[in-house]
Amino acid sequence: MKITIITPTYNRAHTLSACFDSLKSQTCKDFVWMIVDDGSTDNTEENVKKWASATTDFPIVYLKKANGGKASALNMSFDSLETEYAVVLDSDDTFFPSAIESAIEEIEQCSSSCCCGLMALRHNPDGSVMGGKTLNKGVNVSMLDILNGNYRTELICFYKASVLKNIRFPQFVGEKFVSPQWLDFELSRSCYFVASDSKICICEYITDGLTKNKRSIIKKNPRGYTAVKRQSFEFSNSIKRIVKHGIMYGCGCIISGDNMILNSPRRIWSILLAPFAYFVYFKRFRH
């Protein structure tokens with residue numbers, strides 16, 4: 001098998017069946033579906049075991065752990081990789097039928113040791129690109145380009161498993177969430193992705209998902225939020241973005257009780273933006 005499709009999940013039995021159906025419809029079955037159950041209390045395990053016994057098109061690996069959040073589930077999956085490539089398919093997303101076939105064809109052209117994988121934009125259920133922008137096929141791209149190109153979208157990345165062997169999401173005591181963007185930012189420090197314009201992933205936001213509950217998630221996971229916002233603050237290349245991400249980095253530090261100046265990648269900017277960070281904190285997060 002070429003690719004491991006990693007699906008971290010928590011009480012998503014009602015959406016996982018759509019993932020399964022989209023994988024059964026793939027034109028290329030050269031993959032393993034690895035489901036990492038982050039302590040679900042619904043019938044996820046029962047459904048997965050039923051699917052595993054019913055299909056011979058592709059192997060299904062089921063891992064279960066105590067609830068600790070998506071980042072911890074991904075760390076567990078990285079430890080279990082045995083394929084050449086890996087991709088994360090969220091439990092409420094699906095693949096276009098040709099997704100795996102297209103991805104294998106394109107990622108196998110990425111022979112450089114500096115290339116960590118393939119990056120594409122996700123699509124809406126109607127087939128349009130999320131955010132309206134596109135990536136030029138075959139161009140080298142990183143999260144720095146996405147950040148500074150002001151892409152208001154979601155990404156799908158196919159990784160070389162070799163680059164995932166030596167990287168793990170940070171985990172913070174009492175917190176369960178670190179944005180998946182953390183991984184792509186860290187890889188972009190020394191590697192690049194090759195861009196794809198193929199239709200890979202369909203993303204449909206659900207009412208109880210992460211994006212719909214962003215403020216609550218930040219308040220419950222301030223250090224996980226700040227870890228990613230610190231990267232955005234560090235890598236921004238315009239005053240507008242530096243100010244925007246610097247203020248929200250400061251908010252995260254205030255919520256968590258961390259020192260926004262000492263930990264800052266841009267200390268002078270953090271000093272200047274501190275009053276604005278406190279203003280936004282009191283307006284958005286105090287109550």
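The values are calculated or read from the model by the stated rules, or taken from the named source; none is laboratory data. Please read these numbers as outputs of a predicted model, since none were measured by experiment. We place every Cβ from the backbone using ideal geometry, glycine too, and count neighbours over all the protein chains shown. Remember, those area values only see protein heavy atoms, side chains included, never the ligands or the DNA or RNA. Shrake-Rupley method; radii C 1.70, N 1.55, O 1.52, S 1.80 Å.
Observations on the model:
- Boolean, PHE58 is over 20 Å from CYS203 (Cβ atoms), open to solvent by less than 60 Å² (accessible area, probe 1.4 Å), of a type outside the set (Asp, Glu) and more than 23 Å from the chain's Cα centre (by Cα): yes
- Candidates GLU82, GLU45, filtered to the one that is surrounded by fewer than 16 Cβ atoms within 10 Å (Cβ to Cβ), at pLDDT 95 or above and under 20 Å from MET1 (Cα atoms): GLU82
- Matching residues in the stretch 118-130 - criterion: being surrounded by 15 or more Cβ atoms within 10 Å (Cβ to Cβ) and small (Gly, Ala, Ser): ALA120
- Of the criteria (1) open to solvent by 10 Å² or more (accessible area, probe 1.4 Å); (2) in contact with a Cys (Cβ under 9 Å, 6 or more places away or on another chain), which one ALA52 fails: (2)
- Complete set of residues in the stretch 105-120 that are touching a residue at least 40 places away in the same chain (Cβ under 8 Å) and out of contact with any Asp or Glu (no Cβ under 6 Å at 6 or more places or on another chain): GLU106, ILE107, GLN109, CYS110, CYS114, CYS115, CYS116, GLY117, MET119, ALA120
- Exactly one residue out of LYS199, LYS240 is among the basic types (Lys, Arg) and part of a helix (DSSP H, G or I), and it is LYS240.
- Criterion (at pLDDT 95 or above and under 17 Å from the mean Cα position of the chain (by Cα)) met by exactly one of PRO170, PRO97: PRO170
- Filter result for GLU234 (closer than 29 Å to PHE158 by Cβ, modelled with pLDDT of 95 or more, not aromatic (Phe, Trp, Tyr) and not in a helix (DSSP H, G or I)): no
- Counted residues, the stretch 107-135 - those being basic (Lys, Arg) and either more than 15 Å from the chain's Cα centre (by Cα) or assigned to a strand (DSSP E or B) (or both): 1
- Taken over the stretch 136-184, the criterion of being aromatic (Phe, Trp, Tyr) and either open to solvent by 50 Å² or more (accessible area, probe 1.4 Å) or part of a helix (DSSP H, G or I) (or both) is satisfied by TYR151, PHE172, TRP182.
- Of all residues in the stretch 32-48, those being part of a strand (DSSP E or B) and free of Cβ contacts under 8 Å to residues at least 40 places away in the same chain number 3.
- Only one entry in ILE239, ILE218 is open to solvent by less than 20 Å² (accessible area, probe 1.4 Å) and more than 15 Å from the chain's Cα centre (by Cα), namely ILE218.
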